[in-house]
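The values are calculated or read from the model by the stated rules, or taken from the named source; none is laboratory data. Nothing here was measured: the structure is a model prediction, and the numbers come from that model. A quick note on method: Cβ atoms are made from the backbone with ideal geometry, for glycine too, and the neighbour counts reach across all protein chains shown.
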Amino acid sequence: MIEFHAVDKIFSTVDGEPVPALNDVTLTIPRNQFLSVVGPSGCGKSTLLRLIAGLLSPTQGNVSIEGELVNGPRPDLGFVFQAPTLLPWSSVLDNVLFPLRLMRRITPESVNAAKEFLGLVGLADFEQRYPAELSGGMQQRVAICRALLHHPSVLLMDEPFGALDALTREEIALELLRIWEAQPKTVVFVTHSISEAVLLSDRVIVMTPRPGRVLADIGVRLARPRTFDLDRDPEFQRCTHAIRDLIFGVRPTSGTGEKAWVTSG
């Protein structure tokens, strides 16, 4: 579904000094897979998402979706940012409908679909409220509905729960899983939370410090549907410990042992 081919990304400072963000990233993401990206701050996680979205172009290499090179924004992508970025002067329902309004694709069916999404995330009674009347968690639910309304084939999420308290974060994470299981799509999810990455994902990509490279590609063999009770599962513990060791510099060894299934890049 999504492929990175030997991608480098270099930014420039105001003085013209090169700042390498990504180096030689090669990665394949199958259709409808839930993939999380973790790593230290500044390792290029958000840059990966913006390259997929066509908001940035690689300095070297290329990114493709379904065999087509990404040369700019695509209508079949949804993007959820850390901040909900809702329009303060528009109602909840109008905020969800905003992308379709830009594409001039609003129909009675799409309005009904927006209402169904709001009902799915527990906001059926808030359609005519304004963002200032909602909690942070409720605003993020609206942002997720907005990203999903046009049924994107790819959903990009850049630390979407980072500003939420722990309980709200868990609640929305489980709602996201429920929606994804009901309407599968390819998800690339950036997070600083190792446990969140393991809970949600089929795979977890671990990045090196800047310039970001793929250090490890870890498969998560946990049954679905998932709940936070899985944090006591031995597989959950193996995954989280392996990722933590990688991020803090303890490289897994090849051969036998509980971490042998970690593939280091």
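Results for (1) surrounded by 13 or more Cβ atoms within 10 Å (Cβ to Cβ); (2) in contact with a Gly (Cβ under 8 Å, 6 or more places away or on another chain), shown as yes or no for each residue.
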{"position": "52", "(1), (2)": "yes, no"}
{"position": "56", "(1), (2)": "yes, no"}
{"position": "60", "(1), (2)": "yes, no"}
{"position": "64", "(1), (2)": "yes, no"}
{"position": "71", "(1), (2)": "no, yes"}
{"position": "76", "(1), (2)": "no, no"}
{"position": "79", "(1), (2)": "yes, no"}
{"position": "83", "(1), (2)": "yes, no"}
{"position": "90", "(1), (2)": "yes, no"}
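Answer yes or no as to whether residue 58 is at pLDDT below 90 and in contact with a strand residue (DSSP E or B) (Cβ under 6 Å, 6 or more places away or on another chain). No; evaluated as a whole, the condition is false for this residue. Restricting attention to region 1-15 and to residues that are of a type in the set (A, V, I, L, M), in contact with a strand residue (DSSP E or B) (Cβ under 8 Å, 6 or more places away or on another chain) and more than 16 Å from residue 212 (Cβ to Cβ), the residue that is surrounded by the most Cβ atoms within 10 Å (Cβ to Cβ) turns out to be 2. When restricted to residues that are touching a residue at least 40 places away in the same chain (Cβ under 8 Å) and either among the charged types (D, E, K, R) or part of a helix (DSSP H, G or I) (or both), region 92-109 contains 8. Take the conditions (1) over 13 Å from the mean Cα position of the chain (by Cα); (2) modelled with pLDDT of 95 or more; residue 205 misses just one of them, which is (1). Among the residues of region 33-44, those identified as of a type outside the set (A, V, I, L, M, F, W, C) and modelled with pLDDT of 95 or more are 33, 36.
The residue that is farthest from residue 147 (Cα to Cα), counting only those in region 42-91 that are free of Cβ contacts under 8 Å to residues at least 12 places away in the same chain and of a type in the set (D, E, K, R), is 68.
Residues that are touching a helix residue (DSSP H, G or I) at 6+ places or on another chain (Cβ under 7 Å) and either β-branched (Val, Ile, Thr) or crowded, with 21+ Cβ neighbours inside 10 Å (or both) within region 155-172 comprise 155, 156, 158, 160, 161, 168, 172, listed in sequence order.
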